[in-house]
Amino acid sequence: AAMVQKYQSPVRVYKHPFELIMAAYERRFPTCPLIPMFVASDTVNEYKSEDEAIHVIERRCKLDIDAPRLLKKIAGVDYVYFVQKNSLNRRERTLHIEAYNETFSNRVIINEHCSYTVHPDNEDWTCFEQSASLDIKSFFGFESTVEKIAMKQYTSNIKKGKEIIEYYLKQLEEEGITFVPRWTPPVACKSESSSSHPRRPVSPAINIPESATKEGLSNKEILNTSSSPSEPTAGTPDDKLDADYIKRYLGDLTPMQESCLIRLRQWLQETHKGKIPKDEHILRFLRARDFNIDKAREILCQSLTWRKQHQVDYILDTWNPPQVLQDYYAGGWHHHDKDGRPLYVLRLGQMDTKGLVRALGEEALLRYVLSINEEGLRRCEENTKVFGRPISSWTCLVDLEGLNMRHLWRPGVKALLRIIEVVEANYPETLGRLLILRAPRVFPVLWTLVSPFIDDNTRKKFLIYAGNDYQGPGGLLDYIDKEIIPDFLGGECMCEVPEGGLVPKSLYRTAEELENEDIKLWTETIYQSASVFKGAPHEVLIQIVDASSVITWDFDVCKGDIVFNIFHSKRAPQPPKKDSLGAHSITSPGGNNVQLIDKVWQLGRDYSMVESPLICKEGESVQGSHVTRWPGFYILQWKFHSMPACATTNLPRVDDVLASLQVSSHKCKVMYYTEVIGSEDFRGSMTSLESSHSGFSQLSAATTSSSQSHSSSMISR
C-alpha cells in the first residue's frame, strides 16, 4: 500500500523587501553551516535572460540524511541526491523553487514547491509559502520507518527555514547591506542609467496611488497564475493563514499540525456550501482526533450538517429561552479563571432537573445548553483578543451542594446524557477544566451513570472536591482569582447566577402536551404503575447478593395517600398467588397489585423494617436510596394510608369521611421505578473520587441507622 503524506505551510511574512530576502537566500549555497545535512550542491544548469530579469538555476544537492546505519546499509547508499530548480523573476519579484529526489526515485517520490513573492498589501514585505508531498511506493519493507524519518527531517527543516533567512539577513546587516535596489530595465545610455538608477526604487509608491493599486493587483494576478490551479483564491491574505496569525490566535502548532489545519480549511472552502467555521473551531475538531485529518473531517462534516439542521448559527440572535429556564436554571457566566478562560458557574445541586424536564421537555433544555455553548465560543474569541493569547476553551465550576436522589431521576439523567453526547460531538475540546465542588455522598452514583459517556481527554480535566476541600491547598484559589470567587462559596464576589429552586408543579406540562410535541418522556417505558387498596398493599421484591449494594427508588403518588416501607427478610417470600380467595377478586381488575409478605409472618421475627415509614400525599414525587447492610430479600411496600380518627371523640370527622369517600373505593395509584446499583458499578469510579472522601465505605457507615438514612429520601411538594 502506498503512503502519501502532504504538507502545506502557512504564509510566512518577512518584513523586508524581496530583493534583500533574495540576497540572504543566495548565501545558503553551495553549503550552509545551519543545515549540517546539506553537504554540497553543484550547479547543473543555468539560464539568464539578456536583461537579467530572469535567472533559472538548477542544482544537484547532496544530503546526508540522519537515518539508522542499518537502513543506509540495506539501501546501499550513504547520501541522498535531490534536484532543485530555482526560477527567479526580478521583474515580477518572484522566486519559485521546485525540488524532487533523484535517489530512489522509483521507490519514493518527494516533490516540494516553495515560493517567495511580494506581499499583496505591502510591496516592501515578502511572503514565503511551501508545499510538499511524499509518496512511498516501496522500501525494502521499511516503508513506515522511511516515512517517519522523512517526516522528521522535513519538519525540522521547515522550522529552520526562517532561522536561516534571518541569520543571513543579520550577516548582511553586519556587512552594512540593508538595501538591495530593485531590478530596472537596462537603459541605452550608460552614464544616464548610473545616475538615475539608485533613485528610482527609493521613490515611495504612496505618492502615486493609481500605480500602487495597479501594482498591488498585478502582484495578486502573478500569484494566481503561479500557484496551482486548485487554489483560485491564492494571494489574498484574508483566506490564507499566516504563521504570525496562527501563533497569536491559535497557539503553538507543529508544522504538521499547521499543515492539517490549512488543508482541512482549504478543503472546506472548496467543497462546503454553507458558513465555514472559524479557524479555532476547525482546530478543535483536529485536536479531538489527534490531527488525523480524515477522522477530523468526518466529525466536522457531521457537526456542520447538524448545525444547519438545527439552525444553531442563529440560536444566540433568534432564540429566547422560556421564562422557566431564566428563573430556575441555576447556571451562568462569571468572569474568567486565572488562565483567562471564560468561567461558567453551575449550581447543579440547587437545580431541579426533574422539574425542568417536566416543565420544558428535553428539547428546550438541550437548546438552552447549546446557546450556552455558543456563547462560550463567542467569549473565547473575545478573551483571545483581550488577553493577547489564544484561548479556545472555558472552565466550568459545578457546585453540588444540595445534590440528592432527585438528581438521579432517571429521565433527568437520560436527558443529561443526551445533552452531554450532543455537546461532545459538536463542541469538542471546549472544556478546559471542570471543577466539581462539594460532592455529596450520592455523587459516585451519578458519576457512574454519566462517566461512560464522557471522552477520555475530557475526563482528565475533571477535579473533584468533597465538602469544604476546595478551600484548602490545591483548591479553588489555584484556578480562580480570590476577587471573583462567588459569594455562595464563601468569596466576596456577587454572583448573578440564578439560585434555582424547585420548579412549581403548576408549570409542569401534561403528558398530552408533551406528546403533541412529539417528544415523549421516557416515563412510559421506565416506570411501572401499581394500584394500592385498603388492606392490599403493592409489594416489590429485590434480591440482594452483595451486601453493600444501593437500592434506589423513584415514585409518584398519582392518586390517594400512601405509606412507603422497606423491609428485609432472610428467607424468600412465597411466590404471590394470583387470585387469593374472597376480597381480592374484587381487586383483580385494578391492574398491578402484588402481595408478597405472608399473612403468618411476624415483623421482628420473619422480617424487619430497615427504614422508618414514609407518609406520601397525593401528587408527591419521592426519590430515595438505601445502602443494604445484609444480603437477602428486600421488599418495597406501598400501603394505603388510612385516616386517623379524631383525637377527642371516637367519631370520624366530617373531613375524614369526605376524604375517604373521594378516594374512590379506597384505591391509590403509584408510578414507580426501582434500580439496584451493585457495588461493582461504583467501585470503578471510586478510584477517580478517592480524593473527594466520598467512598461508599463512609457512605454505608453513615446510612446504617434508619434515622440518618431517612434523609436520603426526599419529597418534593
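The values are calculated or read from the model by the stated rules, or taken from the named source; none is laboratory data. The model shown is predicted, which means the values in this text are computed figures rather than measured ones. So basically every Cβ, Gly included, is an ideal-geometry build from the backbone, and we count neighbours across all protein chains shown. Side chains are part of the model used for accessible areas, which takes the heavy atoms of the whole protein and leaves out ligands, DNA and RNA. Shrake-Rupley method; radii C 1.70, N 1.55, O 1.52, S 1.80 Å.
Once fully extended, how much extra length lies between I177 and D456, figured as 0.36 nm per residue of separation less the alpha-carbon to alpha-carbon distance?
Length difference between fully extended and current span is 94.9 nm.
Between segment 411-435 and segment 1-54, how far is it from one alpha carbon centroid to the other, in angstrom?
49
Please report, as a whole percent, how much of the solvent-accessible surface of segment 430-504 comes from carbon and sulfur atoms (probe radius 1.4 Å).
Details: 1840 of 3430 Å².
Carbon and sulfur: 54 percent of the exposed surface of segment 430-504.
Taking the alpha-carbon distance from K599 and a cut-off under 16 Å, which lysines remain once sequence neighbours fewer than 8 residues away in the same chain are dropped?
Partners found: K534, K577, K578, K639.
How large is log10 of I(q)/I(0) for segment 322-506 at q = 0.13 Å⁻¹ when the intensity is taken from the Debye formula with one equal scatterer per alpha-carbon?
Log10 of I(q)/I(0), two decimals: -0.67.
Tell me the label-point distance for the pair K278, T318, using the 7 Å Cα-to-Cβ offset, in nm and rounded to one decimal.
Distance between label points: 2.1 nm.
Mind listing the phi-derived Karplus ³J(HN,Hα) values for segment 99-112, rounded to whole Hz, using 6.51, -1.76 and 1.60 with θ = phi - 60°, and x for any glycine or proline?
Result, ordered by residue: 9, 8, 8, 9, 6, 6, 5, 8, 9, 10, 10, 10, 10, 9 Hz.
Would you mind telling me the share, in percent, of accessible area of segment 54-171 contributed by carbon and sulfur at probe 1.4 angstrom?
Its accessible area is 52 percent carbon and sulfur atoms.
How big is the convex hull of the Cα atoms of segment 5-175, per residue, in Å³?
It is 119 Å³ per residue.
Setting aside same-chain residues fewer than 8 positions from K295, which lysines have a Cα under 19 Å from its Cα?
Result set, ordered by chain and number: K6, K278.
What are the trypsin sites (Lys or Arg not before Pro) within segment 12-65 that DSSP puts in a loop, where the Cβ has at most 13 other Cβ atoms within 10 Å?
K15
Using the Karplus curve 6.51 cos²θ - 1.76 cosθ + 1.60 with θ = phi - 60°, work out ³J(HN,Hα) for each residue of segment 358-367 in order, rounded to whole Hz, and write x for Gly and Pro.
5, 7, 10, x, 6, 4, 5, 5, 4, 4
Calculate, in nm to one decimal, what R107 and K247 gain on full extension: separation in residues at 0.36 nm each, minus their alpha carbon distance.
Full-extension gain reported as 46.7 nm.
Within straight cross-link reach of K73, meaning Cα distance under 19 Å, which lysines are found once same-chain residues fewer than 8 apart are removed?
K62, K148
Just to confirm, what accessible area per residue do you get for segment 5-175 at 1.4 Å probe, in whole Å²?
50
Which ³J(HN,Hα) values, rounded to whole Hz and listed in residue order, are derived for segment 50-67 from phi using the Karplus coefficients 6.51, -1.76 and 1.60 in 6.51 cos²θ - 1.76 cosθ + 1.60 with θ = phi - 60°, glycine and proline given as x?
4, 7, 6, 6, 10, 9, 10, 9, 10, 10, 9, 9, 10, 10, 9, 6, 7, 10
So how much slack lies between N157 and Y47, counting 0.36 nm per residue of separation and subtracting their Cα-Cα distance, in nm?
36.8 nm
Set the Förster distance to 45 Å, then compute FRET efficiency between Q311 and D546 from the Cβ-Cβ distance, nearest 0.05.
The calculated FRET efficiency here is 0.35.
Identify the GluC sites (Glu not before Pro) of segment 1-86 meeting these criteria: DSSP loop state and at most 14 other C-beta atoms within 10 Å of the C-beta.
For GluC sites (Glu not before Pro) across segment 1-86 that sit outside H, G, I, E and B with at most 14 neighbouring Cβ atoms in 10 Å, the list reads E50, E52.
Cα-based count: Lys pairs in segment 322-506 below 20 Å, eight or more positions apart or different chains?
Details: K338/K385; K338/K460; K338/K461; K338/K482; K354/K414; K354/K505.
For segment 322-506, qualifying lysine pairs total 6.
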